[in-house]
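The values are calculated or read from the model by the stated rules, or taken from the named source; none is laboratory data. The structure displayed is predicted, hence computed values, not measured ones. Cβ placement follows ideal geometry from the backbone for every residue including glycine, while neighbour counts extend to all protein chains displayed.
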Ligand code: FAD
């Protein structure tokens with residue numbers, strides 16, 4: 001007999017609900033705990049996991065295997081080409097190991113729910129106990145509803161309800177203990193599982209050596225690093241977060257999103273630790289901590305939206321009327337956007353930051369998504385996909401939510417006529433042009449405020465000499481065109 005925990009996007013030992021449950025069951029029954037991870041290249045392609053994200057996952061698995069081995073718990077990993085084979089293979093492995101308990105955390109995307117529903121059926125047929133756990137959100141989807149019993153579609157009232165729920169149900173903020181030594185003798189009985197190799201990186205997800213080295217330096221893997229970063233952020237930067245979080249130069253945010261995405265850090269741990277730093281308050285005392293907690297809550301919010309309106313997983317807009325928007329598609333303009341060569345310095349800096357770091361600041365994510373969907377009138381789904389192809393923190397729910405926000409096709413209640421002006425955003429959130437100078441070397445020698453708009457403000461010769469393009473569109477004209485198109489779509 002044995003108990004199996006199946007790791008997915010929850011690659012950590014600390015505060016992992018399903019892993020904790022697996023450990024407790026193993027302890028109660030004095031049987032070994034085995035951990036399992038299955039990589040499906042088809043799945044990675046279908047979900048557009050970026051090479052940087054796959055690399056981080058594999059690096060995290062390596063450390064997880066080491067930490068588990070110290071507790072005499074094996075982590076068995078293998079590759080299954082076809083994702084439809086995963087449930088059958090899991091049951092096969094459990095039978096091979098004589099295991100009759102399976103634990104795993106729930107992922108709320110449609111494909112994942114279908115996969116797990118199949119697994120529930122297969123397990124039932126073979127008398128294997130399988131009880132999936134809610135883990136990824138601080139409050140599970142479905143637990144919060146409006147007075148009419150409906151799912152919230154607007155963040156602010158949802159957040160009030162999120163806070164009230166946690167005050168009334170403090171156990172949701174209790175962290176699960178990490179497992180101790182394996183309660184069963186896995187070393188003797190299952191020794192071959194300890195020698196398991198890391199799955200190979202699928203061909204289409206390989207990084208260049210240079211990229212690999214860069215991401216290893218920028219984002220060391222694993223939960224020890226995640227916890228170290230969390231502590232450091234809360235100690236050194238969180239108090240200023242409310243004032244500085246939108247300043248795009250320097251590092252004023254936590255850059256913990258890669259760790260949430262790989263599951264090296266739980267949202268609960270983040271909220272509980274921030275609350276502790278804030279004299280045990282969630283929503284009073286220090287504005288920095290309060291605001292940061294409310295940002296982590298956005299992650300929950302978008303997962304709740306996804307779980308309640310699963311059709312958004314099918315390439316659809318949240319607002320059905322947005323389907324009527326007549327998008328335009330100029331491949332050269334799209335390419336220029338991707339490469340950071342639009343002639344709008346703040347947009348270009350952001351897109352180049354994405355290329356270099358596989359990460360982008362939240363403010364500029366808003367700016368570039370608005371620019372693509374409103375100024376260029378290119379279907380936001382192209383941008384959503386490009387982000388997934390490149391982000392190390394690519395997360396379907398947050399990315400879809402963010403693109404819905406930027407293109408006014410999502411849950412955000414702001415009317416479509418809120419169109420970001422790239423120049424104003426640049427002047428406001430990169431006042432000294434530090435971010436632009438860092439990412440757009442062609443403009444490094446431009447002095448003062450001309451950096452925001454070099455051709456209009458007397459720095460044309462420098463920009464031209466260094467090959468920096470002129471603005472590819474006229475923002476005011478594009479704004480009018482977008483307003484007209486959106487208006488027409490909504491009147492249909
Ligand atoms: P901090 O400011 O330190 O915030 C802490 C954590 O709160 C973040 O790590 C994140 O988990 C959560 N958070 C903060 N803001 C948001 C938000 N607006 N929506 C959801 N969660 C939030 N985030 C992703 O994790 N993955 C994505 O694929 C993603 N795509 C986005 C696409 C667009 C167009 C936009 C506008 C936003 C997107 N975001 C995404 C949200 C946000 O930009 C990032 O979470 C944030 O920039 C990560 O940096 P950080 O860890 O320093 O955040």
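Summary of values
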| item | result |
| --- | --- |
| Failed condition for residue 449, given (1) surrounded by fewer than 18 Cβ atoms within 10 Å (Cβ to Cβ); (2) out of contact with any helix residue (DSSP H, G or I) (no Cβ under 8 Å at 6 or more places or on another chain) | (2) |
| Qualifying position, being touching a residue at least 12 places away in the same chain (Cβ under 8 Å), more than 12 Å from the ligand (Cβ to nearest atom) and under 19 Å from the mean Cα position of the chain (by Cα), among 310, 258, 345 | 310 |
| Per-region count, the range 239-265, residues surrounded by fewer than 21 Cβ atoms within 10 Å (Cβ to Cβ) and either more than 25 Å from residue 347 (Cα to Cα) or not assigned by TED's automatic domain parsing to the domain that holds residue 288 (or both) | 2 |
| Helices (runs of 4 or more DSSP H) lying entirely in the range 219-278 (those with 1 or more residues that are farther than 22 Å from residue 303 by Cα and touching a helix residue (DSSP H, G or I) at 6+ places or on another chain (Cβ under 8 Å)) | 223-236, 238-244, 267-277 |
| The lone exception for residue 223 - which of (1) surrounded by fewer than 21 Cβ atoms within 10 Å (Cβ to Cβ); (2) more than 8 Å from the ligand (Cβ to nearest atom) it fails | (1) |
| In the range 152-174, the residues that are buried (at least 16 other Cβ atoms within 10 Å of the Cβ) and not in a helix (DSSP H, G or I) | 152, 153 |
| Residues of the range 320-341 satisfying the condition of being more than 16 Å from the ligand (Cβ to nearest atom), part of a loop (DSSP other than H, G, I, E, B) and either within 24 Å of residue 427 (Cβ to Cβ) or assigned by TED's automatic domain parsing to the domain that holds residue 255 (or both) | 341 |
| Residue that is surrounded by the fewest Cβ atoms within 10 Å (Cβ to Cβ), among those in the range 273-296 that are within 18 Å of the chain's Cα centre (by Cα) and more than 8 Å from the ligand (Cβ to nearest atom) | 294 |
| Pick from the range 393-407, criterion more than 8 Å from the chain's Cα centre (by Cα) and more than 7 Å from the ligand (Cβ to nearest atom), ranking: surrounded by the most Cβ atoms within 10 Å (Cβ to Cβ) | 407 |
| Yes/no for residue 270 being near the ligand (Cβ under 9 Å from one of its atoms), out of contact with any strand residue (DSSP E or B) (no Cβ under 6 Å at 6 or more places or on another chain) and either under 23 Å from residue 144 (Cα atoms) or in contact (Cβ under 8 Å) with a residue 60 or more places away in the chain (or both) | yes |
| Residue within the range 105-123 that is in contact with a strand residue (DSSP E or B) (Cβ under 6 Å, 6 or more places away or on another chain), buried (at least 20 other Cβ atoms within 10 Å of the Cβ) and within 19 Å of residue 5 (Cβ to Cβ) present | yes |
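Residues checked against (1) under 24 Å from residue 24 (Cα atoms); (2) in contact (Cβ under 8 Å) with a residue 60 or more places away in the chain; (3) out of contact with any helix residue (DSSP H, G or I) (no Cβ under 6 Å at 6 or more places or on another chain):
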residue: 181; (1), (2), (3): yes, yes, yes
residue: 191; (1), (2), (3): yes, no, yes
residue: 196; (1), (2), (3): no, yes, yes
residue: 201; (1), (2), (3): no, yes, yes
residue: 205; (1), (2), (3): no, yes, no
residue: 208; (1), (2), (3): no, no, yes
residue: 214; (1), (2), (3): no, yes, yes
residue: 217; (1), (2), (3): no, no, yes
